[in-house]
Amino acid sequence: MNDRPHVTLEDVARAAEVSLATASRALNGTTKVKSDLRDRVLAAAAELAYTPNAHAQALAGATHRTVGVICHDVSDPYFAGVARGIMRVAGENGLLVMLASTFRDPQKEIAYVSTLRAQRASAILLIGSGFEDRAWERALAAEIDPYRKGGGQVAVVSRHRSLRVDTVQPENREGAAALARALLALGHRRFAVLTGPRALTTVVDRLGGFREALGEAGVELDEQSIVEAPFTRDGGHAAMSELLARGLEATCVFAVTDVMAIGALTAAREAGLSVPDDLSLAGFDDIPVVRDLTPPLTTVALPLEKLGERAMELAVRDTTSARSRILRMAGEVVLRESTAPPPPGGTGAAKGTAKGASR
């Protein structure tokens, strides 16, 4: 018997004097292994008390215990929070999770789904925003539809317009509208928005909800007050820098993600602005770090881990039901010290730009 505390597939292959690939195929029941080799592998596995684990099975490409999770950017704390919830439920169900990052490239998302189909993953989770792109929707559906018909499970987080799959949908539009009303209640009437690419459904919903609530209060958000940039800290910094260079007189800036708001906060300080004395700043998501900023960030808090948990639960549900389900999850406006009533006697943004120019 092997005295090692954990016996690996490599141990079995070495004992049976076969390759790793042959050992893996033999233990997973494939017919492409000669009977004498299979017998040697099975005998070695029995001698070593080896139990095939989920990872070894996944390498064989024949597992039904693997879940593929496709996100936009694994370094974004939003996706880390959602993935944490997924991992928890997957672990409780004995599932191995494989994580892929597309960096918001829609073609990479389609390629990853195709790869997971080929590897016979039991479930695929898409946890990034959908794209406002009909061609992408058709291509993705062409991969997902036959996969589901073959018994695979699919669940998504956020709005995907045409996919007939189980969905956990954050109420982005409603959350942004609630934030706008809260900022209006502080007395703000001049707003600007730092937004990600408008091809993303998340951007469409958050910008649309914010603008709609302002309009209901008689406040117009014109296109010159909206700056588009990547959904990153550097994108937020660049967007705020451009906004200030335009000389706009906003007293409150809404960044459609917290990550962008973090970059915006730095850019505002570099321009000589004090937040919130000169300019109020708000974000969306409530990633953990924003509570520790100086000042702490006003935002719309989403239950990130619960989004992941619910998506994973949908992916492991009973497959007898053919109907897809939508679970909506609300956000909550959290007012912190980065927002305050607008400064008296003029707009803070113009004042801050003047400070920066005088240095």
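The values are calculated or read from the model by the stated rules, or taken from the named source; none is laboratory data. Not measured: the values here are computed from a predicted model. Virtual Cβ from ideal backbone geometry, glycine too; neighbours counted across all protein chains shown. Protein only, heavy atoms only, side chains kept; ligands, DNA and RNA dropped before computing areas. Shrake-Rupley method; radii C 1.70, N 1.55, O 1.52, S 1.80 Å.
Values computed for the structure shown
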{"read-out": "Solvent exposure ordering (accessible area, 1.4 Å, most first) of Met98, Met260, Met329", "value": "Met98, Met329, Met260"}
{"read-out": "Projected-area mean, the stretch 101-254, by convex hull of Cα positions, square nanometres", "value": "9.9 nm²"}
{"read-out": "Mean separation of Cα contacts under 8 Å, 6 or more apart, over the residue count of the stretch 143-188: relative contact order %", "value": "23 percent"}
{"read-out": "Evaluated at q = 0.15, 0.23 Å⁻¹: base-10 log I(q)/I(0), Debye formula over Cα of the stretch 135-213", "value": "-0.64, -1.05"}
{"read-out": "Kirkwood-based shape ratio for the chain, expressed as Rg/Rh from alpha carbons", "value": "1.12"}
{"read-out": "On Cα atoms only, tilt of 258-270 relative to the major axis of the chain in degrees", "value": "40 degrees"}
{"read-out": "The chain, accessible surface, carbon-and-sulfur percent (1.4 angstrom probe)", "value": "51 percent"}
{"read-out": "Estimated D of the stretch 190-242 in µm² per second, where Rh is the Kirkwood radius over Cα pairs and Stokes-Einstein applies at 25 °C, 0.890 mPa s", "value": "214 µm²/s"}
{"read-out": "Whole-number percent relative contact order across the chain, with pairs defined as alpha carbons under 8 Å at least 6 apart", "value": "16 percent"}
{"read-out": "Orientation-averaged projected area, Cα convex hull of the stretch 260-312 (nm²)", "value": "3.8 nm²"}
{"read-out": "Selected from Ala239, Ala217, Ala100 as most flexible by GNM, with the chain as the system and alpha-carbon contacts under 10 Å", "value": "Ala217"}
{"read-out": "In Å², nearest 10: area of Lys306 left accessible to a 1.4 Å probe", "value": "100 Å²"}
{"read-out": "Label point distance in nm, Arg269-Ala135, each placed 7 Å from Cα along Cα→Cβ", "value": "4.3 nm"}
{"read-out": "For the stretch 202-336: rounded, prolate or oblate by the Cα gyration tensor [a/c cutoff 1.5]", "value": "prolate"}
{"read-out": "Solvent exposure, largest accessible area first (probe 1.4 Å, DNA, RNA and ligands not counted), of Arg336, Arg328, Arg323, Arg88", "value": "Arg323, Arg328, Arg88, Arg336"}
{"read-out": "The chain: angle of helix 201-216 to the longest principal axis, Cα-based, in degrees nearest 10", "value": "30 degrees"}
{"read-out": "Surface per residue (accessible, 1.4 Å probe) for the chain, Å²", "value": "45 Å²"}
{"read-out": "The chain: angle of helix 172-185 to the longest principal axis, Cα-based, in degrees nearest 10", "value": "30 degrees"}
